[in-house]
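The values are calculated or read from the model by the stated rules, or taken from the named source; none is laboratory data. Just so we're clear, the structure is a prediction, and the values are computed from it rather than from any experiment. Here Cβ is always computed from backbone atoms with ideal geometry, including for glycine, and neighbour counts include all displayed protein chains.
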Amino acid sequence: MSSEMIPRLKQLSDEENDTLAQLAAQLERKARRNVLRKCYYDGKYSLRRVSPVVPPQYYRLGLVLGWSAKAVDTLARRCNLDGFVWPDGDLGSLGVANILDDNNFESVSNSAITSSLIHACSFLVNTEGGEGEPRSLIHVKDALNATGEWNSRARRLDNLLSITGRGERDDSRSAVTAFALYLDDLTITAEFDSSGWTVDRQDHSWGVPAEVIAYKPLEPSRPFGASRISRAVMSLHSAALRTVIRMEGHADIYSYPELILLGADVDVFKNADGTQRDVWQVMMGRINGIPDDDEADNPRADVRQIPAASPQPHLDMLKQQAQLFSGETSIPLTSLGVSDMSNPTSADSYIASREDLISEAEGATDDMARGFRRSMIRALAIANDIGIDEVPTAWASLDTKWRSPVYLSRAAQADAGMKQLTAVPWLAETSVGLELVGLNEQQIRRAESERRRAGAAASVTQRLAAQLAERNAPPATPAADDQAPVEEPAAQ
């Protein structure tokens, strides 16, 4: 895409057109590398040439390697946003559950995290729902279709360009046909059809309704982060793919014993009709006979055999490349499928083998938490019809809740939780205590609900028992002191 593919629109001001052109040019500069990384992730990257000794047909076999996708997905599966917490209030009263459900937020968060690992960043965009849609919407945009300007002093976006449609326009099949430009308290949407560009403006009170979800952001040089599919990862991926192609060629060529025939007639390699036999027929033949030539100096052909070459050098090279890839991405060698090492024999050794990956996940969630938190606060403001400047200060304590990147067995987690509850006994009466012993959010809600029902049932039973006891109790007899004195009759 080029900046000319989004022309200057007469419906926009000069300043707005300049911003649009600048963002379009920025999107174009990053497009080639972003597409390349997406190809590595999707397994669509193909090698143009391995070496001059490899036949060209091997490039058309479609051999792929999933190491780049493994580097992204292995880390993404340890960065799980379980929800949000609000220590100073009740999340249910704000409608968080409705927003999470309406937006399928688990899928949204996973998509945002995966996209940020591939392209270095992704964007969460908040919008109002239209007719028949939820009131508050949260969208994910990847770096192929969105970009913005980062304000390093305010630590937020000054604007965002989101490509919402591509199609045929001006003899191009992939031209931009729809976009949204998010400015401070203003959203401009434009769409192209046969009659030209149609522009719509919408004023609002939510600032620039977009947040950056970045992996390894580094200010001021890389505020939008760095891709998990780095240059080193792409280089090692390509080297390993070349090794796989060589192994495929080795299996077809060098795994067969090489035979040298001395003094044989070329007719033995032809069919009965005189046509040349296919190579595979010659190589796969198990019983062959070569007639003697009585007119030749050596009437009987001599056969010399050279043993087949071993594929071990290729396997050793692939294993070495896997070790380099493992060190670059912090992925255990066993996860790449080329190691003959046995699995760890204990939980401690298992965790130790993934210590670097765990620290990567913890760092990634720390960097991404702010964007998710701010996006949810803005979504709540839209749902409750509150301007971003009118958000209650109590909402500042709303925060993200991440699942632990350390995989522990239930027994180990329960044991560790019991030790903590022993040190602080009153935690056992809170939902935090239930989390410590390994219960998930659903189990905690069920347990608390059943506890409330059981408590209510016990209270009702106690009241009924008290009423029944009162009803069946014998009537109380008056006390001796309470009886009226009986007057004796006077003596006659």
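General remarks:
This table checks each residue for (1) surrounded by 14 or more Cβ atoms within 10 Å (Cβ to Cβ); (2) more than 20 Å from Asn126 (Cα to Cα); (3) at pLDDT below 90.
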{"position": "Pro52", "(1), (2), (3)": "no, yes, yes"}
{"position": "Tyr58", "(1), (2), (3)": "yes, yes, yes"}
{"position": "Leu61", "(1), (2), (3)": "no, yes, yes"}
{"position": "Gly66", "(1), (2), (3)": "yes, yes, no"}
{"position": "Leu75", "(1), (2), (3)": "yes, yes, no"}
{"position": "Gly83", "(1), (2), (3)": "yes, no, no"}
{"position": "Pro87", "(1), (2), (3)": "no, yes, yes"}
{"position": "Ala97", "(1), (2), (3)": "no, no, no"}
{"position": "Asn103", "(1), (2), (3)": "yes, no, no"}
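- Filtered residues of the stretch 127-169 (kept if over 19 Å from Arg33 (Cβ atoms), surrounded by 15 or more Cβ atoms within 10 Å (Cβ to Cβ) and among the hydroxyl-bearing types (Ser, Thr, Tyr)): Thr127, Ser136, Ser162, Thr164
- Inside the stretch 377-403, residues that are assigned to a loop (DSSP other than H, G, I, E, B) and hydrophobic (A, V, I, L, M, F, W, C) make up a count of 3.
- Here is the figure for the stretch 411-429: residues that are modelled with pLDDT of 80 or more, of a type in the set (S, T, N, Q) and surrounded by 12 or more Cβ atoms within 10 Å (Cβ to Cβ) total 1.
- Only listed residue being closer than 20 Å to Ala175 by Cα, free of Cβ contacts under 8 Å to residues at least 24 places away in the same chain and surrounded by 15 or more Cβ atoms within 10 Å (Cβ to Cβ), chosen from Ala25, Ala31: Ala25
- Those residues of the stretch 108-133 which are assigned to a strand (DSSP E or B) and either outside the structural domain of Gly148 (by TED's automatic domain parsing) or β-branched (Val, Ile, Thr) (or both), in sequence order: Val125, Thr127
- Residue count, the stretch 150-208 (criterion: under 23 Å from Ser136 (Cβ atoms) and basic (Lys, Arg)): 2
- Where strands (runs of 3 or more DSSP E) fall wholly inside the stretch 135-198, the ranges with 2 or more residues that are of a type in the set (Ser, Thr, Tyr) are 156-169, 172-183, 186-193.
- Test result for Asp88, over 13 Å from the mean Cα position of the chain (by Cα), part of a loop (DSSP other than H, G, I, E, B) and at negative phi: yes
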